[in-house]
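Worksheet: one structure, shown below.
The values are calculated or read from the model by the stated rules, or taken from the named source; none is laboratory data. Model, not experiment: these values are computed from the prediction. Positions of Cβ are generated from backbone atoms using ideal geometry, with glycine treated the same way; all protein chains shown enter the neighbour counts. In case anyone asks, the SASA skips ligands and DNA or RNA and just uses the protein heavy atoms, side chains included. Shrake-Rupley method; radii C 1.70, N 1.55, O 1.52, S 1.80 Å.
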Amino acid sequence: MKEPFAKLSPFHVNPDSILETFGLKEDDFASASGEEKESMVEMHKSISYWQDALRRFRANTVSMVALFVFLLCLVFAFIGPMLIPYDYSEQYRSSQKLGPMEYSKNEETIRALSKNVEAFYATGLRPGSLTALSKGNYVISYKGKTYAFTLEKALDKSVIVMQSDAEDPLRLVKESNIKDGVYTDYTAIAYTETAAEDATVLKLRTYVFPHVFGTDSQGRDIMARTMYGARVSIIIGVVAALIVLVIGSLYGAISGLCGGPVDFVMMRIVELIYSIPEVLIVLLLQVVLKDPLQAWFQSGTSGFVKAMSDLGAGIVSIFITFAVLYWVTMARIIRGQVLQLKKQEYVTAATALGASNTRIIAKHLLPNCIGPLVITTCLQIPSAIFLESFLSFLGLGVSAPMASLGSLCSDALETITLYPYRLVFPAVILTIIVLTLNLVGDGLRDALDPRLKK
Amino acid sequence: MVAYILKRVAGSIAILLLIMVVTFLLMNAIPGSPFLTEKSTPEQIALAEAKYGLDKPLYVQLWNYIKNYCVGDLGTSLKMQEGTPVKDIIFHQGKFALSIKLGACALVIAVLIGIPLGCIAAYYRGSWIDGLLRVLTTVGVAVPTFVLAALLLVVFSVNLNWFPTLSGSLPDAKSYVLPVISLSFYYTCYIAKLMRTSMLDAIHQDYIRTAKAKGVKTHILVLKHALRNSLIPVITYLGPVLAGIITGSFVVESTFSIPGLGKYFVQCVLSRDYPVIMATTVVLSALVIFMMLIVDITYKLVDPRITLTAKEE
Amino acid sequence: MEENKPLLKVQDLKVSFFTPAGEVKAVDGISYTLGYNEVMGIVGESGSGKSVEAYSIIGLLQDPGKVTGGSIEFEGEDVLAFTPAQMRQFRGNKVSMIFQNPMTCLNPVYTIGNQLTEALTCHDSSISKEEAKKRAIEMLELVGINNAEKRMNQYPHEFSGGMRQRAMIAMALICSPKLLIADEPTTALDVTIQAQILELMKSLQKKENTSIIFITHNLGVVAEICDRVTVMYAGRIVEQGKVNDIFYRPQHPYTKGLLTSIPRLDEDGLERLIPIEGTPIDLLDPPKGCSFGPRCSQCMKICLREKPPFAEVGEEHISACWLHFRDGLPKGDEV
């Protein structure tokens, strides 16, 4: 039965010269040790699901850019208002109907002056119906020094100019005395270094902040309003999504876990809500809830009621709407996930090994549901923002002086033919927020649920 | 199939009844009666009392209200057009027809443009066409209808003067253009996105591989084997599209000053003309539910697997 | 008569998948020939590259996969050089394929008849509807589907798994192809149905004179139907030979391992089943030497350093293992 070595074609090697033929060493045909074998099998470092998801998300350029832009929007909405001297609700009487980066006549005068003085306080830049400082005690802190002074009579159309190295550092200049950025006449203000207790702090400025997005017909700064509106919209979106998350996931989980008749009844309810044209009911709720909510706001004194009444009936009814109608998608997804997981062999195995229900939920079901939960919640935010803006646009939703991106668009629409930019800014911000959130949500879905990506 | 349709019709009627009850109860939560306002004239009070028995218990009122609706009596307007029967307002003043015309156009456009766009994107997956369409559709679903409507209005009506600023009762084809684009744009983009995903999903299925192995031409592969399968999720989405188009008509009709039902409904909501709000909600809900029924039945027709089993989910 | 001219000649075929993590050499230089009217089994565990190899013959490689080297000749024609249109004519007409899961391989929204006749009409546009239908019914009857005429108008979901696989076979053979590639056609079926399908394929192969490449991980199936067997491991052929040689005189330690890991009815049944230790290698980062080395009980130092060449260990029987060069002889007649 033994065959000659020469039959081992295609090589036809001589057994005696086999080592030379292949250029092998004597001990090459010795058995390899276990370690040697092990060393050949380089196991890849195994990475956890979350690390993998993070890696996938990072690799997704579009989602990363979207996330970055959304963070910029967050900065715009939440930090922006601190950086600009205008308030969303204040009307700047002299600065109505300004275009983007435009200055009113009054602001122009002060702006010219600002280039020639150290610092100033101008009554003409004050918000509110009165562009005047009423009489009383005031205090200014400048370069570590305190200047306290008293106004004997109300002050208007004037600028307080600071020249810290002069003998009379605080100077009162009438606006009429300013020509081409120079003041021709002033009166020195007497001051002390200890402020009276009821003194109002005045903040000096060194330049006139532009109305970057312009102002509206009431002289409100549109950028301040857009920042505030974006903040309101984002908060509404997040809170609504959280409401949906809590209600939907609990409902879905209970339905999926219980199964049987409980599941049957619960799912029929979901189907029912699903087939109701929700926006009609939303509009209805907006109308119906207004009075009861107002009554509730007035009756309650607790912190919660106070917070709710600050938000206003419109926003609270949006939340209620979400709590009543919008959780069904989430519930369906979570139930589906739970049902699917319940069928998995490893869950059966855990049950067979005697794991308790709590343990199965905590160890097996919950971690596997986090992906869909995160994705659905993230995608719920833009849809809530959309709904809010839709309602505000129709004149429901938030009520003045509060603003949301939707209500800003709605306001802008009234004067669209004359001042189209008033629509552009809130609309663009709204679109960017929704767009980036959608893209981040898509990215999360691809990262957390790789099965969905082909 | 017949059994399935009957079952679905019964279900739809049940949902509609439920919506009527919910609407009635919600309206009842408002102080007073949904059929009266603070300033109702004694005449109106007498009329409503006779009709709904306002002094009688709630369930009697509810029963009367449902009974009246079933025979087509939708009540009378209290504010917007004081004293006019709501039925006349909705159906006989052209409002309903106007909104339906607008909505139908938008739906047809959304389907006829969205589905081909999705197919094209899937077919040329990875190419610049796909990239362009993806950017367009992704941005498209992030632009609110009212923003788009306003922008179109400013650019094409006010600045370029191509289309009328006030569409009015849509007297000519030109006046349809902007409202229909505004109304259908979001859904065109959404359907295109959905179609692309669904098509790509279908293309990766085993039966496509089988067809390829048979030597089927690429375009037949896409148009015959992938398209019909990938249409199924798109059809299921048509229900929400319909509801959305009706909602969108509130905005679009307001923006373009079209005296349709949507605009009127919003006005009623703002002026709290309760009988009209109730009636409009019920009529529009009925419309949405009816269309969803049709969509569901179409869905069963496209997918033979479900036709015979007639099972849910 | 056709001995000199093989039906299919695969030479040094290399297929890689270009994944984000790196190049995966799914098929790393395999060569074989297949004669007319021959049934060859390709055996290997999952990930050994056996399906990928078959897909590249019929041009169905999925996206990140690419043929990176070698050639495939079908009746002397270079398959890899085909234009898409030529490839389309080639598929279904000369080579056809049946797949693992009959449940998902038929389009759920078209009738069986529609899908059967489509295979005919897309290669021969002159064929009339009636003719196509007649031929389809014939084929259905041939694969043992009763009541074929009625069955033509039914949808796949109205067929059982075995029936669907029969329909798939009918569809694959309707254009009388010269080569049928069967990718695990029985794996998803019940054991009794498996036997029926194998029986059917065997009889059809004789009747239609079709060559078959039968891809499976089930050695029992191979013994049943194949003339020759190729054993693959990690994208390479480790052993190839006539079915009896492979079963009774296996030479490569991997083949031996495979055979000792399945129960046999012809022995007295007291022997233990011996599983192959370890897990298949990571194709992203394959070992330098013999792929099977790390799992091989007789592994030598050389095995970890150099890939083994083929040794002809019998008539039409080759095996790639350094052991042949150490021992200088195949130890036949043992398992």
Item to complete: Would you compute, from DSSP H runs of 4+ residues alone, the mean residue ellipticity of chain A at 222 nm, taking -39500 (n - 2.57) per run and dividing by the full residue count, rounded to the nearest 500?
Response: -17500 deg cm²/dmol
Practice prompt. Give B:Lys51/B:Lys79; B:Lys224/C:Lys178; A:Lys343/B:Lys217; C:Lys256/C:Lys301; B:Lys7/B:Lys212 a once-over and call out the pairs whose C-alpha atoms are over 29 Å from each other.
Written response: A:Lys343/B:Lys217; B:Lys7/B:Lys212
Fill in: Accessible-area value, B:Tyr237, 1.4 Å probe, nucleic acids and ligands omitted, Å²
40 Å²
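Going by a ≥ b ≥ c, the root eigenvalues of the Cα gyration tensor, does the range A:103-201 fall in the rounded group (a/c under 1.5), the prolate group (a/b larger than b/c) or the oblate group? Kindly include the intermediate steps, with their values, before the conclusion.
Numbers: a/c = 1.89, a/b = 1.29, b/c = 1.46.
Oblate, because a/c is 1.5 or more while a/b does not exceed b/c.
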Worksheet item: When the Cα centres of the range A:260-277 and the range C:119-152 are compared, how far apart do they sit, in Å?
Response: 46 Å
Fill in: Given A:Lys105/A:Lys157; C:Lys9/C:Lys242; B:Lys214/C:Lys66; A:Lys115/A:Lys174; A:Lys157/A:Lys179, the pairs whose alpha carbons are separated by over 19 Å
B:Lys214/C:Lys66
Item to complete: Pop a pseudo-label 7 angstrom from the Cα along the beta-carbon direction at both A:Leu72 and A:Ala355 and give the gap in nm to one decimal.
Response: 4.5 nm
Fill in: Heavy-atom accessible area ranking, 1.4 Å probe, most first, across A:Trp327, B:Trp162
B:Trp162, A:Trp327
Worksheet item: Where does each of B:Leu98, B:Leu270 land when they are ordered by accessible area, with a 1.4 Å probe and the largest first?
Response: B:Leu270, B:Leu98
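Between B:Glu49 and A:Asp291, take the C-beta separation as r, use R0 = 30 Å, and let me know the FRET efficiency to the nearest 0.05.
So the FRET efficiency works out to roughly 0.85.
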Fill in: Accessible area buried at the B-A interface, both sides summed, 1.4 Å probe (Å², nearest 100)
3600 Å²
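Give the interface area between chains B and C as buried accessible surface, both sides summed, probe 1.4 Å, in Å² to the nearest 100.
Counting protein atoms only, the buried area is about 2300 Å².
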Worksheet item: With every protein chain in place, what's the accessible area of B:Ile30 (1.4 Å probe, Å², nearest 10)?
Response: 10 Å²
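Work out the FRET efficiency for C:Lys134 and B:Val155 from their Cβ-Cβ distance, taking R0 = 45 Å, and round it to the nearest 0.05.
Calculated value: 0.10.
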Worksheet item: How much length is gained on full extension from C:Lys207 to C:Lys288, taking 0.36 nm per residue of separation minus their Cα-Cα distance?
Response: 24.5 nm
Worksheet item: How do B:Leu194, C:Leu200 rank by accessible surface area computed with a 1.4 Å probe, from largest to smallest?
Response: B:Leu194, C:Leu200
Item to complete: Sort chain B into rounded, prolate or oblate with this rule: let a ≥ b ≥ c be the square roots of the eigenvalues of the Cα gyration tensor; rounded if a/c is under 1.5, and if a/c is not under 1.5, prolate when a/b is larger than b/c, oblate otherwise.
Response: oblate
Practice prompt. Starting from the Cα gyration tensor of the range B:95-272, take the square roots of the eigenvalues, sort them a ≥ b ≥ c, and report rounded, prolate or oblate (rounded when a/c is under 1.5, otherwise prolate if a/b is larger than b/c, else oblate).
Written response: prolate
Response to the item:
Quick calc, A:Gln340 & A:Asp165: beta-carbon distance into FRET formula, R0 60 Å, rounding 0.05, result 0.20
Practice prompt. Quick one: accessible surface of A:Asp446, probe radius 1.4 Å, all protein chains present, in square angstrom to the nearest 10.
Written response: 40 Å²
